[in-house]
Amino acid sequence: MASFTAAAKFLAPVAAARSGGDSRAPPPPFPSASLRPRRKPAPSRLRTVLAVSSDVLSGNKSAPAAAAHSAVTREEALELYEDMVLGRIFEDMCAQMYYRGKMFGFVHLYNGQEAVSTGFIKQLNQADCVVSTYRDHVHALSKGVPARSVMAELFGKATGCCRGQGGSMHMFSAPHNLLGGFAFIGEGIPVATGAAFAAKYRHEVLKESGPDGLDVTLAFFGDGTCNNGQFFECLNMAQLWKLPIVFVVENNLWAIGMSHLRATSDPEIYKKGPAFGMPGVHVDGMDVLKVREVAKEAIERARRGEGPTLVECETYRFRGHSLADPDELRKPDEKSHYAARDPITALKKYIIEQNLATESELKSIEKKIDDVVEEAVEFADASPLPPRSQLLENVFSDPKGFGIGPDGKYRCEDPLFTQGTAQV
Amino acid sequence: MAAASSLHATAAPVAAAAAGSRSVSAARSVRVAGSGAARAGGRMVARAATKADSPASAASSKSDGHEVLLFEALREALIEEMKVDPTVCVFGEDVGHYGGSYKVTKGLADMFGDLRVLDTPIAENSFTGMGVGAAMKGLRPVIEGMNMGFLLLAYNQISNNCGMLHYTSGGQFKIPVVIRGPGGVGRQLGAEHSQRLESYFQSIPGLQMVACSTPYNAKGLMKAAIRSENPVVLFEHVLLYNLKEKIPDEEYVLCLEEAEMVRPGEHVTILTYSRMRYHVMQAAKTLVNKGYDPEVIDIRSLKPFDLHTIGNSIKKTHRVLIVEECMRTGGIGASLRSAIIDNFWDYLDAPIMCLSSQDVPTPYAAPLEDATVVQPAQIVAAVEQICQ
């Protein structure tokens, strides 16, 4: 298998300039241009877009997408399918529940991007970490957080994964190593960098070695985040210390209503990896098998201690930025272009064509997931809201930091509270 | 174990609090016993309120202790904690090979290695966030801002992630970081290097704040902050790093939420912290000569306030003067004033006075800079006014 590190050095001189309203031409079958070294500077950056794949499988340079991925087993394919269907059906249910007044605030749905979450997170162990943004429901589900916990959290119930205290944009799960859920873009990337640092520290300082290698952290974020300082600062630090992290850019071309091209001087995000000394890889994020191949290699690299990778996934969200977004700026032909590349439809087609499963088996998976999501809603509905007494819990890990007693007054009358936190 | 400190000379250690009793009552008994010695000697005796089970005996200290400068005391605390707990690590600019801009981490990289004493690039927001992520995964980072003011760049991470993640995760992740660095008005360092971030950070829910002021409390608070499961901001002061004091040889840890009785008195409660403690004590000399008996409390814990110690003092003196280095608007004094009014209104015989820095960016010129912060003469005048 050709390493994409080789490919990454010779990034194809294909411009990703996409003018705001124009639809992208559907990708022609691509030649091996992606592996050819750049001989002279590109004359102009404004070109029609080709969908560039990392094409890590050597010998398949011009093969159509389906045949290039014969290396997935039936079990793996069904696992991928089920995970993507779970993401889709769950998010569709969220939309329903929101409009029925069961879910509130800002809810950002992941429809269309499932291949990225599934392709990456299904390659992880339990000990590996995932850090996401506000578009985190599906990352949580892929990492193994039960659908009922996520749904209950969205309903604001005490049985939610964060006891109802986080909400849609703050999904956390310690047992599943989901480190958030962040509302401000970019602020999760340093946290992910810290988790990766801790993995390296555990190995080198604490001498705790996992059997496979270093625990890996994945940081998911969007195209808008790639113009933010924290992104660049963390690319630098991660490469400097060879941290076991993969930076996964979910480039869906839009940051609310701001087109990536209107916001970014050089829109080819994957190229920013080599500027910091790490491989930058561009992958078709609507194809879960391609994502999976890239993910595998990036994760293994990190696990071996070779450092970070920047992976840009070309993807698309079928819905608006959030349920409050009227989504008027995106052109219908752009939307239909990507709807035709629905990752779930594509995988279904592949599975059937490759005889990995039958249509009715896939249907039964969909039915199973329907039931799971229905059950999640029932569970969330039946769960209690948090009691008022929960308000002051969890503000401090050590509640002496509060200084305020349960009656809402300062604890100045209780001398016990000054006994301190440290035990000598 | 009690210790003495002053800006200009060291004094002999005073007998320690009785072990086994609650810290507050222990402090009381020590205060009563020691106050005579303090006044008779004419020297300022600072006494730290100590934990009940700290290794102290009623009779005498086990050894003489050793003299350190404040930055060395912080360093000792770091070294002790890093030796005992391998998850404690330090992040910051120039903390490693350079030894720290104020030498707090001098030699630590040689002792503990480049990963445990991490020289970061100049990216405060990101390395603070890195500390948060590392803390969530079991480490205990001590994050240094080379100057406290630089941590304004890390405000995103400090407010959103340090302060909030324990809550928004429903208690699943704890963030036991220590964020520390020198702040306050120095000697003509210019406006941006003379900031007081305690007022900016105080509203952040989930964050604890302490300010050290003597080598003794610096070491004890640093150790307590490292051991605390909460995110703690430890405010040091640029001008106090070279204070010299004799501190105990035995290990001790102070209580993060406790205030320090610096000078017991009867006429007025003066609440202060960090460098202003020394201006207050200087004013106290003048006040004593004029026949006043001020009670000086170094509040140390900026969030939460130790309203227990403060309240007991107010119930005795009925008059309060707050002396702080924050700006008047929205400072620690402003919050303290309202907390006192809420809780101790009935005990007040006079309006609370609060002396704060001027609401100006700290000027470079020396006379203007002096006029920005509270000077001892103003403190004397304020006490005279309150005690009329």
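The values are calculated or read from the model by the stated rules, or taken from the named source; none is laboratory data. It should be emphasised that the depicted structure is a prediction, and the values quoted were computed from it without experimental measurement. Don't worry about glycine lacking a Cβ; one is built from the backbone with ideal geometry, like all the others, and counts go over all protein chains shown.
Before moving on, here are some points about what is shown:
- Subset of the stretch B:203-246 (residues that are part of a strand (DSSP E or B) and among the acidic types (Asp, Glu)): B:Glu236, B:Glu245
- Looking across the stretch B:92-127, just one residue is surrounded by fewer than 24 Cβ atoms within 10 Å (Cβ to Cβ), among the aromatic types (Phe, Trp, Tyr) and at the interface with chain A (Cβ under 10 Å from one of its Cβ atoms), and that is B:Phe112.
- Verdict on A:Val116 being touching an Asp or Glu at 6+ places or on another chain (Cβ under 7 Å), crowded, with 22+ Cβ neighbours inside 10 Å and more than 20 Å from A:Ala199 (Cα to Cα): yes
- Scanning the stretch A:109-119 for residues that are of a type in the set (A, V, I, L, M, F, W, C) and part of a loop (DSSP other than H, G, I, E, B) yields a total of 1.
This table checks each residue for (1) touching a helix residue (DSSP H, G or I) at 6+ places or on another chain (Cβ under 9 Å); (2) more than 12 Å from every other protein chain (Cβ to nearest Cβ).
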{"position": "B:Val88", "(1), (2)": "yes, no"}
{"position": "B:Met136", "(1), (2)": "yes, no"}
{"position": "B:Arg140", "(1), (2)": "yes, no"}
{"position": "B:Glu144", "(1), (2)": "no, yes"}
{"position": "B:Phe150", "(1), (2)": "yes, yes"}
{"position": "B:Tyr155", "(1), (2)": "yes, no"}
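- Taken as a whole, the structure places B:Met130 among residues that are facing chain A (nearest Cβ under 9 Å) and closer than 25 Å to A:Gly229 by Cβ.
- So B:Val178, is it within 18 Å of the chain's Cα centre (by Cα) and either within 14 Å of chain A (Cβ to nearest Cβ) or without any contact (Cβ under 8 Å) to a residue 12 or more places away in the chain (or both): yes
- Candidates B:Gln188, B:Gln172 - the one that is within 14 Å of chain A (Cβ to nearest Cβ) and farther than 15 Å from B:Ile143 by Cα: B:Gln172
- Per-region count, the stretch B:221-266, residues under 30 Å from B:Leu165 (Cα atoms) and within 14 Å of chain A (Cβ to nearest Cβ): 21
- Any chance A:Gly224 is farther than 26 Å from B:Ile122 by Cα, surrounded by fewer than 24 Cβ atoms within 10 Å (Cβ to Cβ) and away from chain B (no Cβ under 14 Å): no
- Condition check for A:Pro384: surrounded by fewer than 18 Cβ atoms within 10 Å (Cβ to Cβ), outside any helix (DSSP H, G or I), more than 9 Å from chain B (Cβ to nearest Cβ) and at pLDDT 90 or above: yes
- Sole exception among (1) on the phi > 0 side of the Ramachandran plot; (2) under 19 Å from the mean Cα position of the chain (by Cα) for A:Asn355, by number: (2)
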